[in-house]
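The values are calculated or read from the model by the stated rules, or taken from the named source; none is laboratory data. Predicted model only: the values in this text are computed from it and were never measured. Cβ coordinates were reconstructed from backbone atoms using ideal geometry, including for glycine residues, and neighbour counts include every protein chain displayed. Calculation scope for accessible area: heavy atoms of the full protein, side chains included, ligands and nucleic acids excluded. Shrake-Rupley method; radii C 1.70, N 1.55, O 1.52, S 1.80 Å.
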Amino acid sequence: MSSLAHHLFTMACNNAWSNLRLLRACLRLTQADFDAPRIGFFPSIRATLNHNVTVDWYYVDALERAMQGLPVNPEAREFFAPEQPFAACAPLWAAQRAVDRRLIDLCRALTEAELELPVGVLRRTGVQYEPVVRLLAHLFQHQIHHRGQAHAMLAGTPVAPPQLDEFFCANEADLRAVELAELGLSEAAVWGEQST
């Protein structure tokens, strides 16, 4: 049976793969469609995707610091200034891919013993601590939630939303092999030998 640490690694891989599919579709939007007001928690595809990347920067930084035994980043709130650092999709996608890679690397190295390690997170009320496992669960849920909203917004554009509703179903391994390779992953890397 797979360990929880390994499951979190597969979640990080699936997160990156889903982001690749969604952002590749968004790259086909006109700037006007990327910026257009839409119904969602954030008012546009641009705002929603910017939120995802800045929140990832915030939490991945906190996780990396905890894993390295470093203190909480006193400037962590700067990850949200400006609120939308990317006006266009291409640089946003590059930033998302970079932070996705950091998250994969962090989760690949996780051990079961490290799952309860406290992670200091700078909040409005001060530093609060969450165990690694809980913070990762939150981060993945956050990405899924807002990625789903961007996916729904995309349905109101000329670009068809990509399939995002599977979690590496075995029967479709051949359909994602090229995309996983683009991420530096493979089925073997995700499910077996984690050295890739």
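At a glance:
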quantity: Accessible surface of the chain, 1.4 Å probe, proportion on carbon and sulfur as whole %; calculated: 60 percent
quantity: Once the Cα gyration tensor of region 1-71 is diagonalised, semi-axes √(5λ) in Å; calculated: 30, 17, 10
quantity: Over region 46-109: Rg over Rh, Cα atoms, Kirkwood Rh; calculated: 0.99
quantity: Stretch gain in nm, segment ASP174-TRP191, where the contour uses 0.36 nm per residue and the Cα spacing is subtracted; calculated: 4.7 nm
quantity: Vicinal HN-Hα couplings computed from phi for region 6-13 (Karplus, 6.51 cos²θ - 1.76 cosθ + 1.60; Hz; Gly/Pro x); calculated: 5, 4, 5, 5, 5, 5, 5, 5
quantity: Where the chain is the region considered: accessible area per residue in Å², 1.4 Å probe; calculated: 48 Å²
quantity: Difference of contour (0.36 nm per residue) and Cα-Cα distance, HIS7 to GLN128; calculated: 41.0 nm
quantity: Label-point separation in nm, ALA94 to ASP165, each point 7 Å along Cα→Cβ; calculated: 3.5 nm
quantity: Stretchable slack from GLN31 to HIS138, in nm (0.36 nm times residue separation minus alpha-carbon distance); calculated: 35.4 nm
quantity: Dipole in debye (nearest 20) - the chain, about Cα centre, beta carbon charges: Lys, Arg +1; Asp, Glu -1; calculated: 540 debye
quantity: Placed amide H near VAL119: partners under 5 Å, 5+ positions off or other chain; calculated: GLU130, VAL132
quantity: The chain: radius of gyration over Cα atoms, expressed as a fraction of 2.2 N^0.38 Å; calculated: 1.03
